[in-house]
Amino acid sequence: MTHHIYDGKIRTNQWLTHYIRATRTSSRSRSSLSAANIMELLLLLPFLLACSLFFTVSTSSKDACDSQINDFQHLNSTGLHLTLHHPQSPCSPAPLPSDLPFSAVIAHDAARIARLTTKTPTSRPTSLHHDNNLAGSLASTVPLAPGASIGVGNYVTRLGLGTPATMYTMVVDTGSSFTWLQCSPCSVSCHKQTGQLYDPRASSTYTAVPCSATQCSELESATGQPHGCSRSNVCVYQAVYGDQSYSIGYLSKDTVFFASTRFSGFYYGCGQDNEGLFGQSAGLIGLARNKLSLFYQLAPSLGSSFSYCLPTSTSSSAGYLSIGSYNPGKYSFTPLVSSSLDGSLYSVSFTGMSVGGSPLAVSSSEYSSLPTIIDSGTVITRLPKAVYTALSKAVAAAMGGTPRATGDSLLDTCFKGQASKLRVPAVNMVFAGGATLKLAAGNVLYDLDESRTCLAFAATDLGVTIIGNTQQQTFSFVYDVTQSRIGFAPGGCS
């Protein structure tokens, strides 16, 4: 595409040159261009210069995106470092539609939260039979049930797999444990993805995992679904999500590749039936606390911590995902705690909020009335009802001179305008140990469209407080499993 854009600029300039030459040629009998020729050229110049500028800007924008995708991934003494992209960023290698309706975001948020609050398997094992190909076809219909929604709110990065290695664009999710990607020959179905499908037959290090393997029996803790077994004794996984997106296929083992470094013996899913709202990604990377997550599998080589910064959809710079050591001096920490939720999730203690420096008018016990998790894939933060009501009243009072706007079924505290152009009060979220998230305007309000912005929080009725990614954007978050703590610091993506 860069070539075509640049070529367009060349052609514009060449056309102008050829026009002048042709005009001069047709006017050889005269010593200069005629007044009519000059007038015609002057009338055309603004259009031609505008075209040239458009092509130049487009090329610069594309080059900036190319550098985001290609230049950041590296491995050094502190660990592995990857680029993260907002799912609706123009630089995302697997973008969702830029005009995705807010109703779709909310529907997937609700489905995701419903699954995050339950640990009960929602589906029976799937049976796949083996044929002459590496992957077989489905032998039974898979019942689809509620699960954690992914795709709309999740960020994406790139992962290399196989020998020789091929790069794939993957969704990153702290609320999921299992990593999978679409595999050729896609016996049943594959959604549209950026780039080619992973072909296990083309990798010299690929191995299908048998049903007798320990990792097969561990699938249920990683996916929330029981495993199956093919007729050729290959372990079958199924990952079912809340919006009825799903992936079903073979548990596999191959070499994973990041920043010119290979990690052998990586367990993941080789998907043969993959349907749903995954953008144009090839699959999903799980970072939750489980033996089969990518984070836990790489931890023995890189260290038991990972960090990230989530960029905004309009940011000119990408975010990052790093696995390995970090500088603890810049972070405020809060302990990881146990809760009644799935043990693979990252739970913390939520202790307070303030607006404009004043604590909310609510009992401190309300903050701890529900378990709290930090999740990279939920968009809108969910709060206990009493806390949300107090927050809504305090923000509305602080923005009393701002005209109100109608909201939607979830976001009910809305204003006319966009967050970046309004006077938004300082909102702080406090956690055990005194760690404080000091939210900027873009973390407090969510732009529904060009004329409306709303408080980016909602009341929860599903028994869990969730700190979503709108509040996390532009902060650096570190998950230190060894010391059982989460830390955050401002200015993480810069």
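The values are calculated or read from the model by the stated rules, or taken from the named source; none is laboratory data. Values in this document were obtained by computation on a predicted structure and should not be read as measured data. Counting neighbours? That spans all protein chains shown, and the Cβs are built from the backbone with ideal geometry, glycine included.
Condition first: closer than 17 Å to residue 387 by Cβ and in a strand (DSSP E or B). Now tell me which residues in segment 415-453 satisfy that.
Matches in segment 415-453: 427, 428, 429, 430, 431, 436, 437, 439.
Right, residue 347: assigned by TED's automatic domain parsing to the domain that holds residue 445 and surrounded by fewer than 18 Cβ atoms within 10 Å (Cβ to Cβ) or not?
Spelling it out, it is not the case that residue 347 is assigned by TED's automatic domain parsing to the domain that holds residue 445 and surrounded by fewer than 18 Cβ atoms within 10 Å (Cβ to Cβ).
What are the residues in segment 408-434 that are in contact (Cβ under 8 Å) with a residue 40 or more places away in the chain, of a type outside the set (Ser, Thr, Tyr) and either crowded, with 21+ Cβ neighbours inside 10 Å or within 19 Å of residue 397 (Cβ to Cβ) (or both), if any?
411, 412, 414, 425, 426, 427, 428, 429, 431
Taking only segment 457-494 into account, find how many residues are assigned to a loop (DSSP other than H, G, I, E, B) and among the aliphatic types (A, V, I, L, M).
Residues flagged as assigned to a loop (DSSP other than H, G, I, E, B) and among the aliphatic types (A, V, I, L, M) within segment 457-494 amount to 3.
Which residues, taken from segment 231-248, are within 19 Å of residue 208 (Cβ to Cβ) and in a strand (DSSP E or B)?
Selection gives 234, 235, 236, 237, 238, 239, 247, 248.
Yes/no matrix, rows are residues, columns are (1) surrounded by fewer than 24 Cβ atoms within 10 Å (Cβ to Cβ); (2) outside any strand (DSSP E or B):
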residue: 250; (1), (2): no, no
residue: 253; (1), (2): yes, no
residue: 257; (1), (2): yes, no
residue: 263; (1), (2): yes, no
residue: 268; (1), (2): no, no
residue: 272; (1), (2): no, no
residue: 277; (1), (2): yes, yes
residue: 281; (1), (2): no, yes
residue: 284; (1), (2): no, no
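Inside segment 146-179, can you point out the residues that are at pLDDT 95 or above and β-branched (Val, Ile, Thr)?
163, 179
Residues in segment 221-230: is at least one under 30 Å from residue 379 (Cα atoms), part of a strand (DSSP E or B) and within 21 Å of the chain's Cα centre (by Cα)?
No; the residues of segment 221-230 include none that is under 30 Å from residue 379 (Cα atoms), part of a strand (DSSP E or B) and within 21 Å of the chain's Cα centre (by Cα).
Among the residues of segment 200-214, is there at least one that is in the same structural domain as residue 297 (by TED's automatic domain parsing), under 27 Å from the mean Cα position of the chain (by Cα) and within 30 Å of residue 468 (Cβ to Cβ)?
no
Which one of 371, 384 is within 21 Å of residue 478 (Cα to Cα) and in contact with a Leu (Cβ under 7 Å, 6 or more places away or on another chain)? Break it down stepwise before answering.
Details: 384 fails: within 21 Å of residue 478 (Cα to Cα).
None of the others qualify; the one that does is 371.
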